[in-house]
1. Work out from phi, with θ = phi - 60° and the Karplus expression 6.51 cos²θ - 1.76 cosθ + 1.60, the ³J(HN,Hα) of each residue of region 167-172, listed in order in whole Hz, and give x for Gly and Pro.
2. Considering amide H positions built from the backbone, and no H for Pro or chain starts, which residues 5 or more places from Gln70, or on another chain, come under 5 Å of its amide H?
3. Counting each DSSP H run of 4 or more residues in the chain as -39500 (n - 2.57), what helix-only mean residue ellipticity at 222 nm follows after dividing by all residues, to the nearest 500 deg cm²/dmol?
4. Just to be sure I understand: of the beta bridges DSSP finds with both ends in the chain, what percent are antiparallel, rounded to 5?
5. To the nearest 0.05, how large is the calculated FRET efficiency for Gln203 and Ile113 if R₀ is 35 Å and r is the Cβ-Cβ distance?
6. So which GluC sites (Glu not before Pro) in region 1-94 are both in a DSSP loop and have at most 16 other Cβ atoms within 10 Å of their Cβ?
7. Students often forget the sequence filter, so: which aspartates and glutamates lie under 14 Å Cα-Cα from Lys61 once same-chain residues fewer than 8 apart are removed?
8. Which entries in the list Lys2/Lys206; Lys185/Lys212; Lys2/Lys129; Lys2/Lys185 go over 20 Å, if you measure between the two C-alpha atoms of each?
Amino acid sequence: MKISKYLHSCLVFELNGYKLLFDPGTFSFAEGLVTPQMFADVQAIVLTHIHPDHYDIEILKSILALNNAQILTNTQIGQQLDKACISYTLLENEILRLGPFKLQAFPVAHELIMDNPLPQMTGFLINDKVLHPVDSMEDKLLDYKDIELLLMVTMAPFANEPRISAFADKLQPKQIFPVHDGYAKEFFIKQRYAAYVKHFEKQGIKFHEIYKVGDSITI
């Protein structure tokens, strides 16, 4: 399974020729480094929650104009898609199989944001190997201790590095794929990722320094 990053939390999972796109939001497309054409061949698109850095309806429309991708999302986003006459499959708290992918969806609580109502958010376990908690670090995620790969928020207005690293320390994944860094300058990301590498290597956890458009790992 190949996982590629297209800035911030926009990810493509690829296995046996099937491509699954997660969260094509505004931060990824803001500077023109990522374009809808990069996702013309995806078969499905997962939208985890309504925040603009994860979901933008105009970006979604521009991708759908290039393909017939299936949309998978929750009720809150679905209400907006209904108004735009975009069809979707509701995926909130169940297991769905898409080609070679097994998606176990479950509700997760978004971390607190100043003066901002919390959205409905859906987390995922992908092929029993990858935990995608999106923007959550709630304790129930520790049920997935020792998971092969954690998609980990690395910087955010709702968290700091001691909070983030403490969560991952408890979870003890074998590997970490960093996300949620789309608003930081490259020199800052490189510096902070070097610090994460140093922290996690003491515990035998591999932190992948992934931040450029199209950077990927295979597990």
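Bear in mind these aren't lab numbers, they're just calculated from the coordinates by the rules spelled out. Computed from a predicted structure; not experimentally measured. Reconstructed Cβ throughout: ideal geometry from the backbone, glycine too, with neighbour counts over all protein chains shown.
1. 3J(HN,Hα) across region 167-172, in whole Hz: 4, 5, 4, 6, 6, 6.
2. Ala44, Ile45
3. -6500 deg cm²/dmol
4. Restricted to the chain, the bridges split so that about 60 percent are antiparallel.
5. According to the calculation, E is roughly 0.75.
6. In loop regions of region 1-94 (DSSP not H, G, I, E or B), the sparsely surrounded GluC sites (Glu not before Pro) are Glu31, Glu92, Glu94.
7. The qualifying aspartates and glutamates are Asp23, Asp82.
8. As for pairs spanning more than 20 Å Cα to Cα, those are Lys2/Lys185.
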